[in-house]
Every structure is written in C-alpha cells, then in structure tokens.
Ligand code: SAH
Ligand code: SF4
Ligand code: F3S
C-alpha cells in the first residue's frame with residue numbers, strides 16, 4: 001500500500017471556518033488523507049478563506065504567493081482555495097493564481113473527495129454551487145478519536161439580513177438551520193470524545209429555528225447531556241434576542257454568562273443606512289433585559305467606523321453608546337467597501353478620518369476591556385482548562401466570562417473545571433491559584 005497523502009488546511013476568518021476546516025479534514029480522511037505537520041510536508045494545501053474585508057481577501061493572494069516555491073519544487077502538490085473568497089471570486093482565482101488546482105465554496109465541502117479525484121488526474125476543479133442538499137448530511141460521520149475539551153458546532157448557516165456592507169449573505173447563501181435531532185446527535189458524539197464545552201455557531205445563530213423552541217429550546221435540551229458542562233453560542237443579531245433566549249441566561253446554569261452582540265453603530269441614521277433593522281435605543285433595551293436576567297454577563301460587540309455618510313456627530317453617538325453599554329470585549333473595524341453589496345455604491349468617508357475614528361473608539365473599548373478583566377482580580381471564577389500554557393510550567397483555560405486564565409502546572413489537568421482565585425491581570429490574560437476541594 002502506498003503511504004497516505006498529507007493534508008494541510010489553514011483557516012482564516014470566523015469560527016465557522018474553523019469548524020468547516022475540521023469537517024473538510026474528516027471528509028478527506030475518508031479519501032485517505034492524514035494531517036501534515038505544516039505546508040512543507042503536505043501533498044495538498046487548502047486555504048479556507050474569508051472575504052469580509054478587502055484586507056482579508058488580499059491576504060489570501062499573498063499567502064498563495066508564498067506557496068509558489070513549494071509548487072515549483074513539487075508540481076504534484078495540490079493547492080485549493082475554499083471558503084468565502086472561493087465563493088465570491090470563483091474562477092477568477094484561477095486567473096489571478098494559475099497554480100491553484102481547486103476552488104470550492106462553503107456549501108460544497110461534501111463533494112471534496114470527488115473533486116480531489118478530479119484534480120489528481122491533472123484537471124482543475126471548481127464548485128461554487130448552493131446545492132439543495134445539506135452538506136452536513138453528506139459529510140462522513142465524525143471521527144471517534146479523543147479530542148480537546150472545547151468544540152464548535154455549526155447549527156445555522158447563511159444569512160437573510162442583508163446588512164448593506166456585508167458579503168456573508170452572498171458567500172454563505174440563505175439562512176438554513178440544521179434539525180435539532182442532528183445537532184443533538186453530533187453534540188453527544190463530541191461529548192463521548194471528551195468535549196466539555198460546546199459553542200453553537202451560526203452567522204445569525206439566535207435566528208436558529210431547527211428546534212421547536214428555537215435556539216433557547218436547543219440550549220435547554222443540550223443542557224440535559226450530563227457530561228456536557230458548558231454551552232455558548234455566537235454570533236447573535238440584536239433583533240433576534242427572543243424572550244426565551246434572554247430568560248435562558250438566568251435559568252440554564254450551563255449557559256455561560258458571555259454574549260457577543262454586535263451593534264455596528266450607535267447612530268440611528270447610520271443603522272438605518274446599514275439596514276440593521278434596529279435602533280440604538282432598541283439595542284440598549286435588549287442589553288438591559290439580558291443584564292436583568294444575568295447581572296454578571298459580559299457583553300461583547302462589533303463596530304464599524306466610517307460607513308458611507310457617517311458624520312462626526314453620528315460617530316459621537318457610537319462613542320456615547322459604548323460608554324453607556326460598557327463592553328467587556330469588542331472588535332472594531334474601518335468600513336471596507338465590498339463589491340456587490342449595496343453600500344459599495346455610496347460615496348465613502350476619507351480614509352484618514354476612518355483611521356482617526358477607529359483610534360478614538362478603540363481607546364475607549366480597550367479601556368473598558370481592561371476594566372472588565374481587572375475587575376476579576378480577587379474574585380473566584382470557574383476555569384475549564386484547555387491546554388499547556390505558552391510558558392512552560394503553566395496550564396491555561398477559560399473562565400465562564402471567556403477570559404484566559406493561567407495557573408501553575410500540577411494545579412489542574414486539561415479537561416478539568418476548577419475554581420480559581422484570581423490574583424493578577426496581565427495584558428491578555430489572568431492568573432491565579434486553584435482552590436482545593
Ligand atoms: N453575523 C454577524 C457578524 C458577521 S461579520 C453579525 O451580524 O453581527 C463580523 C463583523 O465584521 C461584523 O459584525 C462587522 O462588524 C464586520 N464587517 C462586516 N462587513 C464589513 C465591512 N464591509 N467592512 C468592515 N467591517 C465589516
Ligand atoms: Fe452580515 Fe448583517 Fe448577516 Fe451579520 S446579520 S452576517 S453583518 S448581513
Ligand atoms: Fe469571513 Fe465568510 Fe466568516 S466572509 S467572517 S469566513 S462567513
């Protein structure tokens with residue numbers, strides 16, 4: 001028998017790509033591939049790409065350029081582009097980078113083994129269909145091998161919201177929820193392999209409707225799996241925070257007190273132009289209700305500065321909203337025009353203005369983030385330990401609020417959940433002592 005071929009997948013963009021990369025490697029394992037150590041010893045390299053901002057897309061082309069010498073040295077090496085750039089640019093990728101063998105969009109991964117056979121004959125393969133069948137039903141059953149204590153599980157894909165700036169409805173297609181029975185079966189398999197925390201994923205995960213009780217119903221059912229200790233979900237849209245989901249934060253002990261709830265802007269004029277379907281006031285009321293259900297919850301957000309038409313006064317409304325909400329964590333971006341989206345047609349804000357606004361916003365968000373992290377010093381948190389720390393002699397995990405927490409080796413093992421007394425806050429993580437007992 002010939003040696004197995006080796007596969008190297010590099011994932012960019014959001015957590016859904018991380019999950020998809022795992023499923024792709026499982027699909028190709030069925031075709032005889034094993035994991036490569038890195039790009040250098042791979043027989044096939046897949047870049048699972050992100051198209052959300054121009055920079056993300058350009059990164060893929062520079063990354064491809066770096067593989068050129070590898071391909072020159074070993075013409076048998078196969079190179080593929082998967083994910084959202086593949087969907088958006090399709091055959092254009094072959095034109096810009098002729099060494100690419102394979103281009104596959106996010107809804108066609110189950111066809112990878114068949115496409116792989118095609119490229120082995122020396123042909124190119126392109127598949128950017130949105131097939132009627134559900135890719136998850138056609139992917140092989142997940143591997144039984146033991147794995148780390150945390151896992152992502154995609155329950156919902158695509159988006160019907162069409163925010164004026166966003167490519168996701170075009171790259172991932174229409175909103176689709178996986179049936180709860182399938183999600184529950186996959187969750188049980190993950191737990192049997194050692195997983196103790198599951199993060200449910202969807203571009204609009206709180207619009208999930210594969211369970212009669214919606215996302216809240218699914219979470220309550222998942223909480224019934226004994227060995228599953230923690231449940232999280234991301235990303236949520238403010239207009240889809242139902243009463244039952246808000247109530248779950250107060251009622252389901254396994255649902256962790258952390259919520260990523262992007263708002264993008266604090267100005268109603270900008271929110272309307274963005275087609276966000278809610279006002280700043282409605283957003284703040286939703287946050288208030290969530291905090292009433294779970295007072296210690298840590299709220300995280302996404303912001304875009306310099307959307308077309310954003311004035312200094314509009315931007316100050318965003319700063320005011322941030323001051324009022326108090327974020328524990330946040331991501332902020334300069335608006336990036338994306339071909340094919342409605343906002344790309346509008347006259348943009350000057351780049352220097354965008355830079356200046358981003359700096360001012362990030363100064364406040366960073367301060368809030370630091371305050372939230374430092375407020376943990378002196379408190380006892382529960383930590384699920386995930387892996388050895390970067391510094392030897394340490395083990396690192398996440399608190400219920402998603403802060404990274406380090407303790408000295410020997411105090412806790414990977415996969416354990418322990419109470420930790422926090423005694424210091426560093427630049428990006430906390431450290432403390434495991435409480436015995
Ligand atoms: N589905 C999620 C997030 C999608 S993309 C949601 O609705 O919130 C992740 C983040 O990227 C967005 O929240 C937004 O802040 C940012 N983003 C999306 N398109 C962008 C663009 N064209 N320019 C800059 N940032 C963008
Ligand atoms: Fe993009 Fe808006 Fe959909 Fe989020 S809700 S994925 S920002 S279109
Ligand atoms: Fe990027 Fe696609 Fe995710 S564009 S953010 S990888 S859905």
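The values are calculated or read from the model by the stated rules, or taken from the named source; none is laboratory data. Everything numeric here is computed off the predicted structure, so don't read it as measured data. Because the Cβ atoms are built from the backbone with ideal geometry, glycine has one as well, and the counts that use them run over all protein chains shown.
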So which residues in region 50-63 are within 14 Å of ligand 1 (Cβ to nearest atom) and crowded, with 17+ Cβ neighbours inside 10 Å, if there are any at all?
50, 51, 52, 53, 56, 57
Elements of type strands (runs of 3 or more DSSP E) contained in region 1-108, each with 2 or more residues being touching a residue at least 12 places away in the same chain (Cβ under 8 Å), over 21 Å from residue 147 (Cα atoms) and touching a strand residue (DSSP E or B) at 6+ places or on another chain (Cβ under 7 Å):
44-49, 78-83, 102-104
Cβ pairs under 8 Å, 6+ apart, first in region 333-345 and farther than 15 Å from residue 57 by Cα and assigned to a loop (DSSP other than H, G, I, E, B), second within 15 Å of ligand 3 (Cβ to nearest atom) and modelled with pLDDT of 95 or more
341/165; 341/166; 341/167; 341/170
Test: residue in region 6-24 that is touching a helix residue (DSSP H, G or I) at 6+ places or on another chain (Cβ under 7 Å), under 18 Å from residue 127 (Cα atoms) and within 16 Å of ligand 2 (Cβ to nearest atom):
yes
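One line per residue, one yes/no per condition, for (1) more than 23 Å from residue 327 (Cβ to Cβ); (2) assigned to a strand (DSSP E or B):
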residue	(1), (2)
392	yes, no
397	no, yes
422	no, yes
433	yes, yes
Residue 320 vs. criteria surrounded by fewer than 18 Cβ atoms within 10 Å (Cβ to Cβ), without any contact (Cβ under 8 Å) to a residue 24 or more places away in the chain and either on the phi > 0 side of the Ramachandran plot or not in a strand (DSSP E or B) (or both)
no
Just a yes or no: is a residue in region 82-96 surrounded by fewer than 20 Cβ atoms within 10 Å (Cβ to Cβ), away from ligand 1 (no atom under 16 Å from the Cβ) and within 22 Å of the chain's Cα centre (by Cα)?
no
Within region 121-170, tally of residues that are more than 16 Å from ligand 2 (Cβ to nearest atom), buried (at least 16 other Cβ atoms within 10 Å of the Cβ) and at pLDDT 85 or above:
9
Residue 402 vs. criteria closer than 26 Å to residue 264 by Cβ, assigned to a helix (DSSP H, G or I), within 23 Å of the chain's Cα centre (by Cα) and in contact (Cβ under 8 Å) with a residue 60 or more places away in the chain
no
Quick check on region 178-186. Is at least one of its residues touching a residue at least 40 places away in the same chain (Cβ under 8 Å), assigned to a loop (DSSP other than H, G, I, E, B) and more than 20 Å from residue 56 (Cβ to Cβ)?
yes
